[in-house]
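*Asks:* Encoded as structure tokens, here's the structure I'll be asking about.
Every read-out reported here was derived from the displayed coordinates using simple, explicitly stated rules and does not represent laboratory data. It should be emphasised that the depicted structure is a prediction, and the values quoted were computed from it without experimental measurement. As a convention, Cβ positions derive from the backbone with ideal geometry for all residues, glycine included, and neighbour counts pool all protein chains shown.
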Amino acid sequence: MNAALACRWFAALFNACAFRTACLLAICIFLNRSLAANPPADVVIVGAGVAGLSAALEAARAGFQVTVIDMSSVGGGHAIVSNGAICIVKTPLQQRRGVSDSFALAKKDFLQRGEDANPQWVDLYVRQSKTWIYDWLSNLGVTFYDLGQPPGNSVPRLHFARDKGWGLVVRFCGSACDIQISTFFGQQKWKDC
């Protein structure tokens, strides 16, 4: 897909607001400048936050040639400055700490606390968060060392990653190098891994 076609596709997808259009224009200019001389990618991920880096890792592991671009000069998005905390249900850390959590309790908490919580999505999240988040991040090398109990939660289920947000992001970056994901931060190629 060429950059012009990608820009039209993105503009059609996100035409709801002038701000979004301006952001998309900036992305399109960036794509034309930064990717024109580089080999084509099967998948281009816009945004190097936790969601973008997760998508890039999984796409690369599935055999796709992946390029990640981000407007910032460093990757990590909001996670880089976060406390590295994630609500996860029924984990080994909770069990070791004697926390009695359950899918039903977590679902009740999330539905009562969430302003527009979708019951089907909440049910999926509470049942799969241990596998999809805790196990997946642990396999990347993320270590969870403590628990917290945020407002609206009946039990401690907020898991804190060692080294906070950086402890999450650094594992993604290391894995990206291991599987040859091209990464551009602030219009500059980060490095050839």
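*Asks:* Give, as a single signed number, the net charge of other residues whose beta carbon lies under 15 Å from the beta carbon of V81, with Lys and Arg counted +1 and Asp and Glu -1.
*Replies:* For residues surrounding V81, the net value is -1.
*Asks:* Can I ask one more? Under 5 Å between amide hydrogens, which residues at least 5 positions from I45 or on another chain qualify, with H placed 1.01 Å from N in the peptide plane?
*Replies:* Hits under the 5 Å cutoff: T67, V68, I69.
*Asks:* Points 7 angstrom from Cα along the Cβ direction at A55 and R162: gap in nanometres?
*Replies:* 3.1
*Asks:* Follow-up question, since we're still on this one. Determine, for S82, S100, S154, the number of other Cβ atoms within 10 Å of each Cβ, and report the residues in order from fewest to most.
*Replies:* S100, S154, S82
*Asks:* Could you please rank F64, F144, F160, placing first whichever residue has the fewest other Cβ atoms within 10 Å of its Cβ?
*Replies:* Arranged by neighbour count, lowest to highest, F64, F144, F160 become F64, F160, F144.
*Asks:* Take every Cα pair under 8 Å in the range 48-123 that's 6+ residues apart, average their separations, divide by the length, and report that relative contact order as a whole percent.
*Replies:* In percent, rounded to a whole number, it is 21.
*Asks:* Work out the FRET efficiency for M71 and V155 from their Cβ-Cβ distance, taking R0 = 30 Å, and round it to the nearest 0.05.
*Replies:* E between M71 and V155, to the nearest 0.05, is 0.20.
*Asks:* By count of other Cβ within 10 Å, fewest leading, how are Y125, Y145 ordered?
*Replies:* Y145, Y125
*Asks:* Compute, for the range 80-166, the length of the dipole vector about the Cα centre, with Cβ point charges of +1 (Lys, Arg) and -1 (Asp, Glu) only. Units Debye, rounded to 20.
*Replies:* The dipole magnitude comes to about 240 debye.
*Asks:* Output needed: percent of Cα pairs per 5 Å distance bin for the range 80-166, bins running from 0 to the one holding the longest distance.
*Replies:* Per 5 Å bin, starting at 0, the Cα pair percentages come out as 3, 15, 25, 26, 19, 10, 2.
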